[in-house]
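The values are calculated or read from the model by the stated rules, or taken from the named source; none is laboratory data. All values reported here derive from a predicted model rather than from experimental measurement. For neighbour counting, all protein chains shown are included, and Cβ atoms are generated from backbone atoms with ideal geometry for every residue, glycine included.
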Amino acid sequence: MLLVEADGKALFRAAGIAVPAGVEAGRGAAPVLPGDGPWMVKAQVPAGGRGKAGGVARGADAASVRAAVAHQLGLRIKGHDVECCLVEQVARGAERYLALVLDPAEYAVRVLFSAEGGVDIEQAAAVASRLCPPEVDAITAAVDELVAGEPEGWRAALVATGQRLARLMLDHELMLAEINPLFVSVAGCVAGDAKVVIDLNAIDRQPAIAALLRARPATYADAVRKLDEGFDYVELDPDGEVGLVTTGAGLSMMLVDEMTARGMKPLNFLDIRTGQLRGSPARLIRVLEWIAERKRVKVVLVNIFAGITDLGEFAGLLADAIAATPALRVPVVARLVGRGAEQARRVLAERMPDIVVEEELEAALARVARACA
Amino acid sequence: MIATLSRSTPVLVQGISGRMGRTHAAGMRAYGTNIVAGTSARGDLGDVDGVPVFHDCAAAVAATGATASIAMVPPGDVRAAVLEAVAAGIRLVVTIAEGVPVHDALAVGRAVRAAGATWVGPSTPGLAVPGEMKLGFLPDAALRPGPVAIMSKSGTLSYEIGWRLAQSGLGQSLWVGVGGDPVKGVRFADLLAPFLADARTAAIVLVGEVGGDEEEQFAAALAQVGAAKPVFAVIAGSEAKEGVAMGHAGALTFGATGTVRSKRAALEAAGVRVFATMAALVADCGDQRRRW
């Protein structure tokens with residue numbers, strides 16, 4: 001998952017990569033601006049394309065910085081509310097592009113460099129790259145080759161930055177570490193931006209990254225929830241009308257896509273991992289509580305294709321969870337297919353006779369559409 | 001090696017004495033898989049349902065001649081398990097654990113490639129030759145012998161589609177879950193040649209999802225060889241939230257990269273029939289069937 005720029009830069013700083021003097025500005029008191037202007041004001045959202053969405057501005061004086069912060073804090077960019085802005089001194093120097101990215105097909109690290117930094121890199125004419133084994137020395141040697149045409153005055157600084165970025169990527173098990181623009185001058189390199197993609201699967205052995213996530217529970221709500229709960233729940237639309245209780249990432253995503261295409265408004269994506277319930281309704285209760293908090297929800301759709309899970313047992317847990325969540329006052333449609341489906345029907349008919357159980361997903365979706373209408 | 005799997009392929013289950021290992025070994029045997037050995041890192045060496053259990057892969061392979069393995073171990077142990085299996089001479093390793101760190105997968109991928117072996121994983125429901133055997137836990141309810149070869153990132157989405165196809169009378173020749181991780185063993189493009197060469201296979205169904213560029217690479221490989229068999233696809237995640245991994249670590253989009261739109265365009269340009277819904281894909285497979 002993508003870190004916000006300020007957190008990427010915190011990792012850069014710790015790795016010895018210089019970043020501009022900066023301060024974070026939230027909804028509280030106006031920030032104390034670092035040094036002299038001009039300054040950049042940048043919305044801190046874990047998504048790309050914020051410039052086009054109005055999330056990047058330049059301010060020549062304190063008043064224009066305050067105005068830019070106030071404007072950006074009201075934005076919602078790619079589904080993320082802007083909670084915080086980064087205000088930095090404008091850095092100076094020639095602009096370059098440097099990135100390390102995992103190449104999954106080659107089981108390697110791809111080193112990318114361009115003398116055209118500061119632009120959308122997909123539009124840049126010349127991006128040179130090298131494939132390396134995931135080793136600091138190999139990556140550093142590749143950077144050395146890629147910057148061979150750079151002026152003598154700052155070439156060594158570029159190589160040193162590449163080496164630090166390599167160490168950062170391997171030590172912290174990053175999937176992407178990108179600096180665009182990287183400001184270079186005879187005084188050295190300064191990272192103008194930071195795009196860092198972390199591996200949540202490695203979080204147990206990356207305490208520094210875990211601390212960054214926990215320090216911004218609102219910005220990283222989905223990831224923090226995954227760390228705390230052990231499953232994936234992503235809120236897609238706080239005004240959504242259909243709460244989803246689903247398992248399996250792919251089927252859940254497809255369900256969200258198909259519902260949206262038909263004009264339904266799913267609240268959430270969920271991969272509850274039925275195989276991990278271990279006889280407890282706790283996880284289901286958590287999910288139903290989150291769904292119940294959202295006032296626009298009109299119906300809950302449960303969709304479980306059980307390969308291994310025993311649906312009879314699952315139905316019992318679902319009934320327990322619904323009984324334990326009085327705040328949930330909307331109808332529930334359950335589509336259950338696979339192992340133990342007959343038993344599940346019996347359990348629900350006895351304990352939760354209001355729940356409609358379907359075998360076919362299409363039939364369940366038709367019921368959900370009627371409930372929303 | 002995937003296309004040559006059969007009910008006689010000797011299979012080793014790593015971690016057979018654990019809860020998962022026992023459960024899935026029983027499920028696989030019931031389906032027809034020839035399980036000849038298990039290993040237990042904890043040293044539980046008693047037989048499991050009549051299957052001899054060994055300390056390590058080398059001993060298991062030496063005693064039984066196992067050529068394929070499935071590792072029923074936690075995510076943090078996957079790296080060591082695959083390296084051990086490959087070092088013991090296993091030619092095909094399947095791993096099923098969710099949550100394997102990406103840099104571990106990178107190291108496994110390098111080692112497996114260097115050994116010339118095949119790895120399906122890190123996190124997949126496994127693979128099957130329906131009617132013969134399965135490695136992993138693809139649900140029996142969705143498995144049915146037939147002419148369609150399935151490749152899928154997602155387990156559950158492939159269950160749904162495989163089940164619907166089977167309900168409509170179209171079973172499967174081969175079914176491989178490649179998993180939803182960004183760094184993995186077998187990728188979609190790797191399966192093109194064996195699926196095209198497989199005599200049982202008349203058509204291919206690709207179940208993709210947002211993130212990465214596997215679908216694009218498959219499209220490039222297909223464009224190169226030409227679509228000798230029809231290919232049908234769905235790609236989940238057009239509504240995925242940018243910058244957030246949607247359940248699968250690999251299901252992550254940034255800007256225009258890895259989006260459903262880019263995948264769909266690449267696949268369609270290579271002659272793949274891409275559908276927005278599961279129902280449309282299943283219906284079209286039925287309609288096209290006469291021409292296979």
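Observations on the model:
- Residue that is farthest from the other protein chains (Cβ to nearest Cβ) [pool: residues in segment B:144-165 that are surrounded by fewer than 24 Cβ atoms within 10 Å (Cβ to Cβ) and out of contact with any helix residue (DSSP H, G or I) (no Cβ under 7 Å at 6 or more places or on another chain)]: B:PRO147
- Given (1) touching a residue at least 24 places away in the same chain (Cβ under 8 Å); (2) farther than 30 Å from A:VAL197 by Cβ; (3) not polar (S, T, N, Q), index of the condition B:VAL78 fails: (2)
- Filtering segment A:199-233 to residues that are among the hydrophobic types (A, V, I, L, M, F, W, C), more than 17 Å from A:VAL4 (Cβ to Cβ) and either at the interface with another protein chain (Cβ under 8 Å from one of its Cβ atoms) or touching a Cys at 6+ places or on another chain (Cβ under 8 Å) (or both) leaves only A:ALA202.
- Single residue of segment A:172-193 satisfying the filter (closer than 12 Å to A:LEU11 by Cβ and more than 14 Å from every other protein chain (Cβ to nearest Cβ)) that is farthest from the chain's Cα centre (by Cα): A:ALA191
- Qualifying residue in segment B:201-211 (condition: within 12 Å of chain A (Cβ to nearest Cβ), surrounded by fewer than 24 Cβ atoms within 10 Å (Cβ to Cβ) and either under 20 Å from the mean Cα position of the chain (by Cα) or modelled with pLDDT of 95 or more (or both)): no
- Candidates in segment B:167-193 are the residues that are assigned to a helix (DSSP H, G or I) and more than 18 Å from A:ILE304 (Cβ to Cβ); of these, the one that is farthest from the other protein chains (Cβ to nearest Cβ) is B:ALA193.
- Selected residue (criterion: farthest from A:VAL159 (Cα to Cα)) from residues of segment A:23-40 that are surrounded by fewer than 21 Cβ atoms within 10 Å (Cβ to Cβ) and in contact (Cβ under 8 Å) with a residue 60 or more places away in the chain: A:GLU24
- Residue satisfying condition, being among the charged types (D, E, K, R), closer than 26 Å to A:GLY162 by Cβ and touching a residue at least 24 places away in the same chain (Cβ under 8 Å), within set A:ASP199, A:ASP232: A:ASP199
- Some residue of segment A:335-343 being farther than 19 Å from A:ALA364 by Cβ and part of a helix (DSSP H, G or I): no
- Residue pairs whose Cβ atoms lie under 6 Å apart, separated by 6 or more positions or on different chains, with the first residue in segment B:169-196 and free of Cβ contacts under 8 Å to residues at least 40 places away in the same chain and within 22 Å of B:CYS285 (Cβ to Cβ) and the second of a type in the set (A, V, I, L, M, F, W, C) and part of a strand (DSSP E or B), are B:PHE188/B:MET151.
- Among the residues of segment A:263-292, those that are part of a loop (DSSP other than H, G, I, E, B), in contact with a Ser or Thr (Cβ under 9 Å, 6 or more places away or on another chain) and more than 8 Å from every other protein chain (Cβ to nearest Cβ) comprise A:ILE272, A:LEU277.
- Counting only residues that are touching a residue at least 12 places away in the same chain (Cβ under 8 Å), part of a helix (DSSP H, G or I) and over 30 Å from the mean Cα position of the chain (by Cα), segment A:145-158 holds 5 of them.
- Residues satisfying the stated conditions in segment B:128-163, i.e. part of a loop (DSSP other than H, G, I, E, B) and closer than 21 Å to B:ARG187 by Cα: B:PRO130, B:PHE137, B:LEU138, B:LYS153, B:SER154
- Any hit, segment A:318-328, residues being under 21 Å from A:GLU241 (Cβ atoms), away from chain B (no Cβ under 14 Å) and polar (S, T, N, Q): yes
- Test: residue in segment A:213-221 that is outside any loop (DSSP other than H, G, I, E, B), modelled with pLDDT of 95 or more and farther than 30 Å from A:PHE113 by Cβ: yes
- Comparison of B:ALA3, B:ALA63, B:ALA87, B:ALA26 shows that the only residue that is without any contact (Cβ under 8 Å) to a residue 60 or more places away in the chain, surrounded by fewer than 24 Cβ atoms within 10 Å (Cβ to Cβ) and in contact with a helix residue (DSSP H, G or I) (Cβ under 8 Å, 6 or more places away or on another chain) is B:ALA87.
- Entirely in segment B:30-121, the helices (runs of 4 or more DSSP H) that have 3 or more residues that are within 14 Å of chain A (Cβ to nearest Cβ): B:78-87, B:102-115
- Complete set of residues in segment B:212-246 that are among the basic types (Lys, Arg) and facing chain A (nearest Cβ under 7 Å): B:LYS241
- For segment A:296-332, filtering for residues that are touching a Lys or Arg at 6+ places or on another chain (Cβ under 8 Å), surrounded by 24 or more Cβ atoms within 10 Å (Cβ to Cβ) and β-branched (Val, Ile, Thr) leaves 2.
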